[in-house]
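J.: Have a look at this one before I ask anything.
The values are calculated or read from the model by the stated rules, or taken from the named source; none is laboratory data. Predicted model, so just to flag it, every value in this text is computed and none were measured. Cβ placement follows ideal geometry from the backbone for every residue including glycine, while neighbour counts extend to all protein chains displayed. Accessible surface areas use protein heavy atoms only, side chains included; no ligands, DNA or RNA. Shrake-Rupley method; radii C 1.70, N 1.55, O 1.52, S 1.80 Å.
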Amino acid sequence: MPRSDNPRRLVAAIVVTASFAVLACRPRGPDQPLAFTGSDQCAGCHRQEYDAWRTSQHARAMQPATPANVLGRFDGTKLLNGGVSYTFLRRGDTSLVRTTGSAETPGEFAIRYTFGVYPLQQYLVELRGGHVQALLAAWDARPANQGGQRWFSLAPNTEASHAERFHWTGSQYNWNYMCADCHSTAVRKQYEPATDSFHTTFSEINVACEACHGPGSRHVSWARYPRLMRGVLWHDDGFASQLTERRGITWSIDSASGNAHRSAPRTTDREIQTCTQCHARRNHIADGYTAGAPLLDYYVPLPLLAGMYYPDGQQLDEVYTVASFQQSKMYSMGVTCADCHDPHTQKLRRPGNQVCLQCHRAAKYDAATHHHHAAGSAGAQCVSCHLPDTVYMQIDLRHDHSIRIPRPDLSVALGVPNACNRCHTEHDARWASALVKYWFPTPNPGFQRFASAFAADDRNDPGAVDSLGAIANDATEPWIVRASALARLAARPGATALQAAQRWSGDSNPVIRFYALSDLEGMGAQQRLSLATPLLRDQRRAIRQEAAWLLAPLAGTLDSTTHRAFDAAAAEFVASQRYNADRAPSRLRLVAFYAQLGRLDSAATEFKAAARLDSAAAAQYAEALSTAAASSPEAAALLRALGISSR
């Protein structure tokens, strides 16, 4: 080969050769497997963010129960609750509790982990088979002058039997299913049905950097080899989760309205979807979620339903914020979680009213002419009127994030709470409504307009069907509200529900598609085949497997091509129930699914498993089957297969 004496060519050849050598021995960009690297990898380049995160509750969401991490007083202190005694002890560095266990006999249990940090701290005990359980007794971490520094019960004056799921050793207090996914990073539940055991793992014990940013291995390579990685192997920073929706965005306050507008519309929900994993009520349907993955491949967010929300959408049960926020005007205008909250410290970006005045003109809103309270008083705080709080877990105040205009008139009409009477308890809602009318003779009704329709549904009003149909079909309503109307229509099968399912089962929003599909639950074969069959091939796992559930009774009528799609979706449905095989409702859903496919032996196996997990739930299922058996040959056949006698 000719020799080159040109030094520049030699240097260029060396550089090119070295570059190819690096590419050959390093994992290639797009093909490199994603792996979790740990938060310490982040500290070198992102020290400010890392240090901020270290001070956060995310960093202390779960910790080993070392003396430094345990806040509670384990010094022989006792707590008596509903006839059950807890004694908190310490031997060396080990914290213990003496109380009634799963055999309803007293025992001593070592505290393995702390859970949370403020305003309360819970404690986790590991039992047989990897079952990690949360005690009902918790430590009040607030200062003593606020009523804290004491032990208290999360279920005051009541204690469930050791055989019930609400006993601290029962399924409702099981960390592996109920808690782990949101308190640690990259949790993999790994339940083994044959031995009723868990082999749960996590990449980091707390909510760490990769919980929100996704696995960091490609990003680490991108940072170490910038010239090779940036723009050559990847056109981004190597993260699957691109939290860039706020990048380059500004907000400018309009002088006329006093409200701000985003410099460009927010067209995606990546950041909010990342928060949704933990800050929403949802059903978990598959293992393996990482930030940036499609949410409905792993979770089904729950909509605004009775028992969780008041009919006007205010929080009632523990709903964890996201669906509240998604019904707000702020969300519709493009606001994200991180516009108000620092994502690393979780603290407000600015204190008090200042966080709201980022987008709302102070002269108009932080003024007595707006809030009608003395400056500096509790009533002059934006959150008092627009984000009122509710107490959960006995002492944990959480703000409603629907950011609504106070409507005491709806309290009068529908019985929902209002911000005014949360403070002014000496007066009733009529007083508050009259005062608001006096201050604002032509009051703004607010952004949420669905209260009457949802209230009619909650009280089972016959006219609720038409009202729900109008909400479901109103494209000006927030999408979470339309999805909620669709979910509510599922319990009211008929022409309105069918029309809504036909209209919205192809919507671009997968949550709307999912709940439109749920409206087919009470429909006949023709409607199910027409609307559910195309969704067997939907992009999202939750929708595919819901379509399989709806088509199971009709599987024998499907042509060969459709049947292949059904088989694939049905396998996903079964895998989802298997993933949650530690829960009796999932086993009972498999009973129904197998029965519809004619696989009665498999149905019987699942029923026995459900009965072992939760005899009460299995008995309720059997009771419902017995009632149905009188008019349903299929139910009667299933009863016989399950070995249950009809009434």
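J.: Charges only on Cβ, +1 for Lys and Arg, -1 for Asp and Glu: so what's the dipole of region 142-284 about the Cα centre, in debye to the nearest 20? Could you put the intermediate results ahead of the total?
T.: On the way: 16 positive and 13 negative charges, 96 e Å.
Using only the charged Cβ atoms, the result is roughly 460 debye.
J.: Follow-up question, since we're still on this one. Between rounded, prolate and oblate, where does region 241-351 land on the alpha carbon gyration tensor, with a ≥ b ≥ c its root eigenvalues, rounded for a/c under 1.5, else prolate if a/b exceeds b/c? The partial results should precede the final answer.
T.: Details: a/c = 2.05, a/b = 1.34, b/c = 1.53.
Since a/c reaches 1.5 but b/c is at least a/b, the shape of region 241-351 is classed as oblate.
J.: Further question: Helix by helix, which DSSP H runs in the chain go 24 Å or more along their axis at the Cα atoms and have an average Kyte-Doolittle hydropathy of -0.5 or more? Don't skip to the end; give the middle numbers.
T.: Working: long enough: 7-25 (27 Å, 1.64); 560-579 (28 Å, -0.32).
Flagged H segments are 7-25, 560-579.
J.: While we're on this one: Loop only per DSSP, at most 12 neighbouring Cβ atoms within 10 Å: give me the GluC sites (Glu not before Pro) in region 51-131, ordered by residue number.
T.: Glu104
J.: Still on this structure: Picking from Leu550, Ala569, Met523, whose Cα lies most toward the positive end of the charge dipole for region 496-647 (charges on Cβ: Lys, Arg +1; Asp, Glu -1)?
T.: Checking the options against the dipole of region 496-647, the answer is Ala569.
J.: Could you check how many percent of all C-alpha pairs in region 532-638 are farther apart than 25 Å?
T.: Numbers: 1339 of 5671 pairs.
Considering region 532-638, 24 percent of its Cα-Cα pairs are separated by more than 25 Å.
J.: Still on this structure: Rounded to a whole number, what % of the accessible area of the chain do carbon and sulfur atoms account for, probe 1.4 Å?
T.: Numbers: 16880 of 31080 Å².
Carbon-and-sulfur percentage of accessible area, whole number: 54.
J.: Would you mind putting 486-493, 567-574, 634-641 in packing order, based on average other-beta-carbon counts within 10 Å, highest first? Write out the running numbers ahead of the final one.
T.: Values: 486-493: 22.2, 567-574: 18.5, 634-641: 17.0.
The peptides rank, most packed first, as 486-493, 567-574, 634-641.
J.: If you place +1 on the Cβ of every Lys and Arg and -1 on the Cβ of every Asp and Glu, how big does the dipole about the Cα centre of the chain come out, in debye to the nearest 20?
T.: Values: 65 positive and 58 negative charges, 297 e Å.
The dipole magnitude comes to about 1420 debye.
J.: Quick one: accessible area per residue over region 138-204, 1.4 Å probe, rounded to a whole number of Å²? Present the calculation step by step, with values, prior to reporting the outcome.
T.: Working: 3040 Å² over 67 residues.
The answer is 45 Å² per residue.
J.: Would you compute, from DSSP H runs of 4+ residues alone, the mean residue ellipticity of the chain at 222 nm, taking -39500 (n - 2.57) per run and dividing by the full residue count, rounded to the nearest 500?
T.: Numbers: 30 runs with 250 residues, N = 647.
Result for the chain: -10500 deg cm²/dmol, rounded to the nearest 500.
J.: Further question: Ignoring ligands, DNA and RNA, what accessible area per residue does region 548-647 give at 1.4 Å, in Å²?
T.: Working: 4740 Å² over 100 residues.
Roughly 47 Å² per residue, with all protein chains present.
J.: Which pairs, out of Lys364/Lys437; Lys189/Lys329; Lys189/Lys608; Lys329/Lys437, put more than 30 Å between their alpha-carbon atoms? Don't skip to the answer; put the middle values down first.
T.: On the way: Lys364/Lys437 19 Å; Lys189/Lys329 37 Å; Lys189/Lys608 23 Å; Lys329/Lys437 22 Å.
Correct reply: Lys189/Lys329.
J.: Quick check on region 386-489: take the gyration tensor over C-alpha atoms, sort the square-rooted eigenvalues as a ≥ b ≥ c, and tell me if it's rounded (a/c under 1.5), prolate or oblate.
T.: Prolate, since a/c reaches 1.5 and a/b exceeds b/c.
J.: Next question, about the same structure. Determine the shape class of the chain: with a ≥ b ≥ c the square roots of the Cα gyration tensor eigenvalues, call it rounded for a/c under 1.5, and otherwise prolate if a/b is greater than b/c, oblate otherwise.
T.: On the way: a/c = 1.18, a/b = 1.06, b/c = 1.11.
In terms of gyration-tensor shape, rounded.
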